[in-house]
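One structure is given below, encoded as structure tokens.
Each value in this text was obtained by applying a stated rule to the coordinates, not by laboratory testing. Just so it is clear, the model here is predicted, and its values are computed rather than measured. Glycine gets a Cβ as well: all are built from the backbone with ideal geometry, and neighbour counts include every protein chain shown.
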Ligand SMILES: [Mn+2]
């Protein structure tokens, strides 16, 4: 029952636009408002989430419905993987430091089974074909040891690599703010136009960049006021990833 495919390739979207959004963390109603704001058209456009669909927010169980929509895609996040670990489908590498799964108790066994099946089918990486070249989606980061996107994909059947891809913060911590000058040339990943990630909440709620790697978890799932900046969901049009909508 557990597929856990290494990665998924999405063909180019010739009809509409492709949008990428940061960690959703059980806040699908907020995402719906964002989709309204940007004029999302489900018959033509696609929405791709960088993972962590569940935990923190009040609507984690809606992930099962969303993963059934033909316009919605996501990669595995460490919170999603942690649920699979809890269900016995993944090893201890995917355990969280803190238990975030209290909401799970309120779900019927049928609802749990449905969610389990959908989360188990999440790919660890996603590649979207665009006019500018392939764009890669991975929850946390492509570990620095990999010289190219393709070399990373080839090793995605390795549990250690999967664990790093959903949990690492090594490169994320070195990312500059998207709109601030920095040494962007470093750490360019070969074989891909861009990679887009979440997982590490951005300081000041501003998207980050290192070479052609972007981090867009600007804490739209957060309740309350962060110390700096304004928590919000970042959505990027994949054709212009440096200009968040
Ligand atoms: Mn995460």
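Going from the residue with the fewest nearby Cβ atoms within 10 Å to the one with the most, 170, 18 rank 170, 18. Rounded, prolate or oblate: pick one for segment 23-63, where a ≥ b ≥ c are the square roots of the eigenvalues of its C-alpha gyration tensor, a/c under 1.5 means rounded, and failing that, prolate if a/b is larger than b/c, else oblate. It comes out prolate by the Cα gyration axes. Remark: relative contact order (segment 7-237) = 22 percent; criterion is Cα-Cα distance under 8 angstrom and separation of 6 or more residues. What distance in nm separates the simple spin-label points at residue 160 and residue 176, each placed 7 Å from Cα in the Cβ direction? So the label points at residue 160 and residue 176 sit 3.3 nm apart.
Under the classification rounded if a/c is under 1.5, otherwise prolate if a/b is larger than b/c and oblate if not, where does segment 81-129 fall, given a ≥ b ≥ c as square roots of the Cα gyration tensor eigenvalues? Taking the square roots of the gyration eigenvalues as a ≥ b ≥ c, segment 81-129 is oblate. Distance between the pseudo-spin-label points of residue 86 and residue 33 (7 Å out from Cα toward the beta carbon): 2.6 nm. Quick one: what does P(r) look like for segment 117-245 with 10 Å bins over all Cα pairs, in whole %? Taking every Cα pair in segment 117-245, the percentages come to 12, 44, 34, 9, 0.
Please label the shape of the chain as rounded, prolate or oblate, based on the square roots a ≥ b ≥ c of the eigenvalues of the alpha-carbon gyration tensor (a/c under 1.5 means rounded; beyond that, a/b larger than b/c means prolate, else oblate). Judged from the Cα gyration tensor, the chain comes out rounded (a/c under 1.5). Distance between the pseudo-spin-label points of residue 97 and residue 150 (7 Å out from Cα toward the beta carbon): 3.8 nm. Each part gets one Cα centre, and for segment 99-171 versus segment 52-78 those centres are 13 Å apart. For the chain, the share of DSSP beta bridges that are antiparallel, to the nearest 5, is 40%.
Residue ranges 154-163, 228-237, 73-82, 190-199 sort as 73-82, 190-199, 228-237, 154-163 when ordered by packing (mean number of other C-beta atoms within 10 Å per residue, highest first).
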